[in-house]
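I have placed the structure first, in the form of structure tokens, so that the comments after it can refer back to it.
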Amino acid sequence: MTTWLVTGGAGFIGGNFVLDAVRRGVRVVNLDALTYAGNLATLRAIEGDPGHRFVHADICDGALVARLLAEHRPDAIVHLAAESHVDRSIDGPAAFLRTNVVGTLALLEAAREYWTSLDGAGKERFRFLHVSTDEVYGALGEGGRFTETSRYAPNSPYSASKAASDHLVRAFHHTYGLPVLTTHCGNNYGRYQFPEKLIPLVIARALAGEPLPLYGDGRQVRDWLHVSDHCRALRRVLARGRVGETYNVGGNAERQNIEVVKALCALLDQRRPRADGRPHASQITFVPDRPGHDRRYAIDAGKLQRELDWSPAHTFERGITETVDWYLAHQDWVQRVLDGSYRLERIGVNA
């Protein structure tokens, strides 16, 4: 049986990835520190499944990671653990450096020691997949897209910490020969996303009758990627990606933030109309832009399509409709998240 060690597997992308992997017959050792965005409720469907072992621990604990690798002998490490919210990185960059840089280094060191201990076939089979972000490339102008050869120009503490982790992964490949793969993705959306990110935040606040905050003029552009398409891309890169290569993963769905919010409002008008008959878009409120806010991201995923025959299955219209319907049908999951330490107070507040 194929075994993967997945870091951050109780988070949004990680949780979706683990659920899909276990259902496909992969044995998953799931390592997560359960910080504010980690949620075991996401994994309830595989609770007790012999193909899933959850380990509550920090990736900075290299000795523990080494023990897990020695015990479970995984065929791959899928590194999804990260502090990932730009606003939080502006308020407290140190936590981002610790997890995203120091944690990645600890993981790489444990992986290198484990990899060198494997026999020939095991060493040939092993992969270290590092999941990163398009934000390491900085901001685009009105035209063009990020490619795998775009220069690094991170503009927030979050993106700077991810850029540093990318460079460490590359260095471990070129210096030690560790068989690494790196992916850069656009803005993910879908089920189980922690409600501080734009789409679940808007849904939650719209239903609560609260203001829907938009930074600046709301015309910042992002490339939206459905999380199930992202998970499929990660599996494809693991199976067929060329060692040492980077692959960009995009959804072919550039949208301004204000377009996204208005689309959500229109869907909620149909499904959960306001009692006063006013459209949910009347709740949109513009707030001061956050420091260093990148204006536009867009991804060229042509390399992934050409080399690995991957393309997104979800159009934005289909994906956003499925996402709204999922959140409306799973308000119990949302409520369990909101009953914790996070209560929608962070977004819209500048550092």
Going fewest to most other Cβ atoms within 10 Å around each Cβ, 231, 185 line up as 231, 185
A correct fewest-to-most ranking of 167, 184 by other Cβ atoms within 10 Å would be 167, 184
Yeah, region 218-276 with a ≥ b ≥ c from its alpha-carbon gyration tensor (a/c under 1.5 is rounded, else prolate when a/b outruns b/c, oblate otherwise) is oblate
Longest principal axis of the chain (C-alpha) makes with the long axis of helix 104-117 (C-alpha) an angle, in degrees to the nearest 10, of 30 degrees
By the mean-Cβ-within-10 Å protection proxy, highest first, 254-262, 74-82, 197-205, 148-156 rank as 74-82, 197-205, 254-262, 148-156
Whole-percent tail of the Cα-Cα distance distribution for the chain, cut at 39 Å, equals 11 percent
For region 139-260, Rg(Cα) over 2.2 N^0.38 Å is 1.23
If each part is reduced to its alpha-carbon centroid, region 173-205 and region 240-304 end up apart, in Å, by 14 Å
Sorted by chain and then number, the residues having a modelled amide H within less than 5 Å of the amide H of residue 214, at least 5 places away or on another chain, are 285, 286, 287
In degrees, nearest 10, the alpha-carbon axis of helix 62-72 is tilted away from the dominant principal axis of the alpha carbons of the chain by 70 degrees
In this structure, among 162/303; 262/303; 123/197, pairs with alpha-carbon gaps over 28 Å are 262/303; 123/197
Quarter of the surface of the C-alpha convex hull for region 255-342, i.e. direction-averaged projected area in nm², equals 9.0 nm²
Here, region 200-304 modelled as identical Cα point scatterers in vacuum has Debye log10 I(q)/I(0) at q = 0.13, 0.15, 0.16, 0.24 Å⁻¹ of -0.62, -0.76, -0.82, -1.22
Taking every DSSP bridge whose two residues both lie in the chain, the antiparallel percent to the nearest 5 is 10 percent
Ordered by fewest other Cβ atoms within 10 Å, a rough proxy for footprinting exposure, 293, 85, 226 read 293, 85, 226
Over the chain, the sum of -39500 (n - 2.57) across DSSP H runs of at least four, divided by residue number and rounded to 500 deg cm²/dmol, gives at 222 nm -12000 deg cm²/dmol
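Bear in mind that the values in this text are calculations on the coordinates, not laboratory data. Everything numeric here is computed off the predicted structure, so don't read it as measured data. Please note: Cβ atoms are built from the backbone with ideal geometry, for glycine as well, and neighbour counts cover all protein chains shown.
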